[in-house]
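The values are calculated or read from the model by the stated rules, or taken from the named source; none is laboratory data. Model, not experiment: these values are computed from the prediction. Cβ sites come from the backbone with ideal geometry, for glycine too, and all protein chains shown count toward neighbours. For accessibility, only protein heavy atoms count, side chains too; no ligands or nucleic acids. Shrake-Rupley method; radii C 1.70, N 1.55, O 1.52, S 1.80 Å.
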Protein chains: 2
Amino acid sequence: MTATAPQLWVNPRIHRTPYSPRVEAAGVSAYSVYNHTLLPVMFESVTADYRHLKEHVQLWDVSCQRQVEVTGPDAAKLVQLLTPRDISKATVGRCLYTPLVDAAGGLVNDPVVLKLADDRFWLSIADADVGLWISGLGIGYDVTVTEPAVYPLAVQGPKADELMSRVFGPAVADIRFFRFAKLDFHGYPLVVARTGWSRQGGFEIYLDVPELGLALWDALAQAGASLNVRAGCPNAIERIEAGLLSYGADMTRMNNPYECNFDAFCNLDRPIEFLGRTALEAVAATGPDRRIVGLVLDRADLPSCIERWRVTAGDHVVGAVTTAAYSPDLGCGIAIAMIDRSHWDEGTLLDVELPDGSWTTARVSTLPFPAALPVAA
Amino acid sequence: MTATAPQLWVNPRIHRTPYSPRVEAAGVSAYSVYNHTLLPVMFESVTADYRHLKEHVQLWDVSCQRQVEVTGPDAAKLVQLLTPRDISKATVGRCLYTPLVDAAGGLVNDPVVLKLADDRFWLSIADADVGLWISGLGIGYDVTVTEPAVYPLAVQGPKADELMSRVFGPAVADIRFFRFAKLDFHGYPLVVARTGWSRQGGFEIYLDVPELGLALWDALAQAGASLNVRAGCPNAIERIEAGLLSYGADMTRMNNPYECNFDAFCNLDRPIEFLGRTALEAVAATGPDRRIVGLVLDRADLPSCIERWRVTAGDHVVGAVTTAAYSPDLGCGIAIAMIDRSHWDEGTLLDVELPDGSWTTARVSTLPFPAALPVAA
């Protein structure tokens, strides 16, 4: 759970955000790079950040969740082409978690799609240049594909509702899960969604007026002083507990959506046209060869998962850990792993090789991890 | 020229390379992230690295230059669709610096294209997911688009020829500039090209046998001990002197190739079919509104160029600096900037605003910078 020793070199190829001055004033101690943009990943420590997130409320600079806008008469048709999820019934104001697949059924990204109008969508993307993919596919469609200057700020934690209502008023309470509303800030209607990459509750504010970045941060910081608000970021422990997947780490283009447990978003029974239908029908017929599961690890002193860790059963490699951490609340090591069908059943005992060559035993768990884990076998 | 204070957080979303253990043993002090991969950017110091590069020979882990492979009966047709450069006459064994443009003429990337066979190309890409772009465009073409496990290692510096011939034999000397040959290493024919992101001379070895990464590094390190070889990386000073452009920093998809001085690669007079022909013909008719130039800065104590710096003439903003450094050999500050047509003539005097609010005067220069600069005005 430590950052590597070398520093991060920043130049204009890696973008700062409207919130960077506040993030740095708050003492960000580690950055990652995500969609060519700085992503804060640690402030005080991963464990202290985790504890605070679960008790209070945090402001997260997630500007790196770039928006790809698809607009025009063919917008809905083109967005549908990208995904096996049936988006035809979605109403304006919906946020849809949407796996994108290529012609081979491989996962290209897993954005949240915001339906802004019948002919206008934002894809709030994970770490890959999805705009290039859609631009390439979109040749011949009557659409415009852009990457507008939108800088999401997440407000996450159990006190998020209270904080947001102090700044945006009582309308915040009416926003349902995975819905958005347009709420006024300094005279601008901002898209405010009840979404975010934690399970502590909260919102994402899609700021499309970059000049207001510092004012927005400051308004939330001031209104939240009595709520113990502070700068935070997606937390490596909490997101594993919650079973939230990270594209590029837990799954890649080499994986299909069934391997990622996105079965509910593969609406093959609907008359929708999308790339990869033939490929996904073949997977659906037999089921995937492997799936993402949780692992409970019999080790508390886990190193940082910088590269995937081998998972074995006897002499056979049966999968790989893609992220791991010690969970203070669960009192054990927890991991997300891609495991072969032969060994993915809940309760299966496996072995995991750590980077130093030592081994730990692991037990397959559901995701998200149950709040109270059974005693280790 | 300093790295930012926060550390870089690494997880499986950001890839290590076959050479990472040696890079870290050599004391890498700053990393960047490029194509989801670690890119070393500093060892001893930028100035010490620069001096060593210009006198000796360095090993650069440029695995982040990912290869997009396009293969199949329609490969040449699809690669041509991507670029205004006429690739029809290129022979197998050629490396072609190739600006890629979208339908609006915007620059998508500036890879070196290696023609491996009449129906097989590698695009050695700058920082963007070009594989997604080509996959999207390639629907309907009889091609396969992949990102193979190729990890370029650059050998750069005035002693590169001597070092490479010690490891790969006398055939190295026969490789002409921007050509490649397949040379044996441990029984594997590796693509070895006389290319690289410096003007000190050198090669790039396209290792496609990742298991041989450490052996390749060690063979070069051992053979080069008497040549004072060491680990290095693309150097922020040397590349500005040389006028080598960085996609994402010096130019983006908002720029057309003429703005980047790629006129020679815009073969609009040839009967080639490529995206953006109409858009580029319109630019060619009037000439671009701005161009990349060099600037000689009247300041030695330049801060790191983390974000673009405003360039003015009187009360008017006329462009932006995209990278800058103090050049010990030229004895002055130097920068790469995008400057409006009204002020791009060599010798024009301009003003540059630094991040601390102070100003420096600047004089427009050709790129690469002349070896001996005229005395500052």
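Name the residue that is farthest from the other protein chains (Cβ to nearest Cβ), counting only residues in the stretch A:110-128 that are under 22 Å from A:THR37 (Cα atoms) and touching a Gly at 6+ places or on another chain (Cβ under 9 Å).
Once the filter is applied, the top-ranked residue is A:LEU114.
Only one of these conditions is not met by A:PRO40: (1) part of a helix (DSSP H, G or I); (2) out of contact with any Leu (no Cβ under 7 Å at 6 or more places or on another chain); (3) within 14 Å of another protein chain (Cβ to nearest Cβ). Which number is it?
(1)
Got a number for residues in the stretch A:269-280 being more than 18 Å from A:VAL108 (Cβ to Cβ) and either hydroxyl-bearing (Ser, Thr, Tyr) or within 26 Å of the chain's Cα centre (by Cα) (or both)?
Residues that pass the stated criteria total 0.
Test B:ARG363 against the criterion of being out of contact with any Phe, Trp or Tyr (no Cβ under 8 Å at 6 or more places or on another chain), closer than 23 Å to B:ASN261 by Cβ and within 14 Å of chain A (Cβ to nearest Cβ), and give yes or no.
no
Identify, from the list B:GLY314, B:GLY232, B:GLY243, B:GLY287, the residue that is more than 26 Å from A:ARG16 (Cβ to Cβ) and in contact with a Pro (Cβ under 9 Å, 6 or more places away or on another chain). Break it down stepwise before answering.
Values: B:GLY314 fails: in contact with a Pro (Cβ under 9 Å, 6 or more places away or on another chain); B:GLY243 fails: more than 26 Å from A:ARG16 (Cβ to Cβ); B:GLY287 fails: in contact with a Pro (Cβ under 9 Å, 6 or more places away or on another chain).
Checking each option against the conditions leaves just B:GLY232.
Out of (1) in a loop (DSSP other than H, G, I, E, B); (2) within 14 Å of another protein chain (Cβ to nearest Cβ); (3) of a type in the set (S, T, N, Q), the odd one out for A:SER135 is which?
Going through (1) in a loop (DSSP other than H, G, I, E, B); (2) within 14 Å of another protein chain (Cβ to nearest Cβ); (3) of a type in the set (S, T, N, Q) one by one, A:SER135 breaks only (1).
Take B:ARG94 and decide whether it is more than 30 Å from B:ASP118 (Cα to Cα), more than 14 Å from chain A (Cβ to nearest Cβ) and either out of contact with any Cys (no Cβ under 8 Å at 6 or more places or on another chain) or open to solvent by 40 Å² or more (accessible area, probe 1.4 Å) (or both).
no
With B:THR322, B:THR360 as the choices, which residue is closer than 28 Å to A:PRO18 by Cα and touching a Gly at 6+ places or on another chain (Cβ under 9 Å)?
Details: B:THR322 fails: touching a Gly at 6+ places or on another chain (Cβ under 9 Å).
Checking each option against the conditions leaves just B:THR360.
Just for the stretch B:278-295: of the residues that are of a type in the set (A, V, I, L, M, F, W, C) and within 18 Å of B:ARG341 (Cα to Cα), which one is most open to solvent (accessible area, probe 1.4 Å)?
B:ALA285
Please go through the stretch B:300-355 and pick out each residue that is hydroxyl-bearing (Ser, Thr, Tyr), away from every other protein chain (no Cβ under 12 Å) and under 20 Å from B:ASN256 (Cα atoms).
Within the stretch B:300-355, the first condition is being hydroxyl-bearing (Ser, Thr, Tyr), and the residues that meet it are B:304, B:312, B:322-323, B:326-327, B:342, B:348.
Filter once more, keeping what is away from every other protein chain (no Cβ under 12 Å): B:312, B:326-327, B:342, B:348.
The one that is hydroxyl-bearing (Ser, Thr, Tyr), away from every other protein chain (no Cβ under 12 Å) and under 20 Å from B:ASN256 (Cα atoms): B:SER342.
Can you go through A:PRO84, A:PRO158 and tell me which one is away from chain B (no Cβ under 14 Å), more than 28 Å from A:LEU38 (Cβ to Cβ) and either over 17 Å from the mean Cα position of the chain (by Cα) or buried (at least 24 other Cβ atoms within 10 Å of the Cβ) (or both)?
Result of the check over A:PRO84, A:PRO158: A:PRO84.
Quickly run through the stretch A:250-277 and pick out the residues that are in a loop (DSSP other than H, G, I, E, B), among the hydrophobic types (A, V, I, L, M, F, W, C), surrounded by 16 or more Cβ atoms within 10 Å (Cβ to Cβ) and within 14 Å of chain B (Cβ to nearest Cβ).
Let us first name the residues in the stretch A:250-277 that are in a loop (DSSP other than H, G, I, E, B), namely A:250, A:252-256, A:261-262, A:266-276.
Then drop every residue that is not among the hydrophobic types (A, V, I, L, M, F, W, C), which leaves A:254, A:262, A:266, A:268, A:272, A:274-275.
Restricting the remaining residues to those that are surrounded by 16 or more Cβ atoms within 10 Å (Cβ to Cβ) gives A:262, A:266, A:272, A:274-275.
Passing the criteria: A:PHE274, A:LEU275.
Could you say whether any residue in the stretch A:288-303 is closer than 24 Å to A:VAL112 by Cβ and part of a helix (DSSP H, G or I)?
Keep residues of the stretch A:288-303 that are closer than 24 Å to A:VAL112 by Cβ, which gives A:288, A:291-294.
Checking the rest, the ones that are also part of a helix (DSSP H, G or I) come to none.
Scanning the stretch A:288-303 turns up no residue that is closer than 24 Å to A:VAL112 by Cβ and part of a helix (DSSP H, G or I).
So for the stretch A:189-212 (the condition being within 28 Å of A:ILE237 (Cβ to Cβ), within 14 Å of another protein chain (Cβ to nearest Cβ) and in contact with a helix residue (DSSP H, G or I) (Cβ under 9 Å, 6 or more places away or on another chain)), does at least one residue qualify?
Yes, there is a match, as at least one residue in the stretch A:189-212 is within 28 Å of A:ILE237 (Cβ to Cβ), within 14 Å of another protein chain (Cβ to nearest Cβ) and in contact with a helix residue (DSSP H, G or I) (Cβ under 9 Å, 6 or more places away or on another chain).
Taking B:VAL113, is it without any contact (Cβ under 8 Å) to a residue 40 or more places away in the chain, touching a Ser or Thr at 6+ places or on another chain (Cβ under 7 Å) and under 28 Å from A:PRO12 (Cα atoms)?
The answer is yes for B:VAL113.
Based on what the data block shows, is B:VAL10 over 28 Å from B:TYR258 (Cα atoms), more than 10 Å from chain A (Cβ to nearest Cβ), in contact with a Lys or Arg (Cβ under 8 Å, 6 or more places away or on another chain) and open to solvent by less than 10 Å² (accessible area, probe 1.4 Å)? Quick ask: steps written out before the conclusion?
Values: over 28 Å from B:TYR258 (Cα atoms): yes; more than 10 Å from chain A (Cβ to nearest Cβ): no; in contact with a Lys or Arg (Cβ under 8 Å, 6 or more places away or on another chain): yes; open to solvent by less than 10 Å² (accessible area, probe 1.4 Å): yes.
Here the answer is no, as B:VAL10 does not meet what is asked.
Run down B:SER135, B:SER124 and say which single residue is surrounded by 21 or more Cβ atoms within 10 Å (Cβ to Cβ) and free of Cβ contacts under 8 Å to residues at least 40 places away in the same chain.
Exactly one residue qualifies, and that residue is B:SER135.
Just wondering, is there one or more residues in the stretch A:319-335 that are more than 25 Å from the chain's Cα centre (by Cα) and surrounded by fewer than 22 Cβ atoms within 10 Å (Cβ to Cβ)?
Among the residues of the stretch A:319-335, not one is more than 25 Å from the chain's Cα centre (by Cα) and surrounded by fewer than 22 Cβ atoms within 10 Å (Cβ to Cβ), which makes the answer no.
Within the stretch A:48-101, work out how many residues are aliphatic (A, V, I, L, M) and closer than 30 Å to A:ALA225 by Cβ.
Of the residues in the stretch A:48-101, 5 are aliphatic (A, V, I, L, M) and closer than 30 Å to A:ALA225 by Cβ.
Cβ-Cβ distance below 7 Å, separation of 6 or more or different chains: which pairs start in the stretch B:5-31 with a residue that is under 20 Å from B:PRO152 (Cα atoms) and end on one that is in a helix (DSSP H, G or I)?
Listed by first residue and then by second, the contacts come to B:PRO18/B:PRO210; B:PRO18/B:GLY213; B:PRO18/B:LEU214; B:TYR19/B:GLY213; B:TYR19/B:TRP217; B:PRO21/B:LEU214; B:ARG22/B:LEU214; B:ARG22/B:TRP217.
Cβ contacts < 6 Å: first residue over 20 Å from B:TRP217 (Cβ atoms), restricted to the stretch B:173-187; second residue among the basic types (Lys, Arg), any location; separation 6+ or different chain. Result?
Filtered contacts from the stretch B:173-187: B:ILE175/B:ARG194; B:PHE177/B:ARG194.
Looking at the structure I just gave you, is B:VAL101 within 14 Å of another protein chain (Cβ to nearest Cβ), surrounded by 24 or more Cβ atoms within 10 Å (Cβ to Cβ) and within 20 Å of the chain's Cα centre (by Cα)? Outline the logic, then answer.
Details: within 14 Å of another protein chain (Cβ to nearest Cβ): yes; surrounded by 24 or more Cβ atoms within 10 Å (Cβ to Cβ): yes; within 20 Å of the chain's Cα centre (by Cα): yes.
Yes: the conditions hold for B:VAL101.
Taking the stretch B:51-81 on its own, how many of its residues are of a type in the set (D, E, K, R), under 30 Å from B:GLN222 (Cβ atoms) and open to solvent by 20 Å² or more (accessible area, probe 1.4 Å)? Full working, then the answer.
So the first thing to find is which residues in the stretch B:51-81 are of a type in the set (D, E, K, R), and the list is B:51, B:54-55, B:61, B:66, B:69, B:74, B:77.
Filter again for under 30 Å from B:GLN222 (Cβ atoms), leaving B:51, B:54-55, B:61, B:66.
Filter once more, so that each one left must be open to solvent by 20 Å² or more (accessible area, probe 1.4 Å): B:51, B:54-55, B:66.
Count: 4.
With respect to A:ALA231, is the statement that it is farther than 25 Å from A:VAL364 by Cβ, in contact (Cβ under 8 Å) with a residue 40 or more places away in the chain, in contact with a strand residue (DSSP E or B) (Cβ under 8 Å, 6 or more places away or on another chain) and not in a helix (DSSP H, G or I) true?
Against the criterion (farther than 25 Å from A:VAL364 by Cβ, in contact (Cβ under 8 Å) with a residue 40 or more places away in the chain, in contact with a strand residue (DSSP E or B) (Cβ under 8 Å, 6 or more places away or on another chain) and not in a helix (DSSP H, G or I)), A:ALA231 qualifies.
Residue by residue through the stretch A:168-181, note down the ones that are surrounded by 14 or more Cβ atoms within 10 Å (Cβ to Cβ) and under 25 Å from the mean Cα position of the chain (by Cα).
A:PHE168, A:VAL172, A:ILE175, A:PHE178, A:ARG179, A:PHE180, A:ALA181
If A:VAL108 satisfies all but one of (1) under 18 Å from the mean Cα position of the chain (by Cα); (2) open to solvent by 20 Å² or more (accessible area, probe 1.4 Å), what's the number of the condition it fails?
Of everything listed in (1) under 18 Å from the mean Cα position of the chain (by Cα); (2) open to solvent by 20 Å² or more (accessible area, probe 1.4 Å), A:VAL108 misses just condition (2).
Could you look through the stretch B:234-249, keep only residues that are touching a strand residue (DSSP E or B) at 6+ places or on another chain (Cβ under 6 Å) and away from chain A (no Cβ under 12 Å), and pick out the one that is least open to solvent (accessible area, probe 1.4 Å)?
B:ILE237
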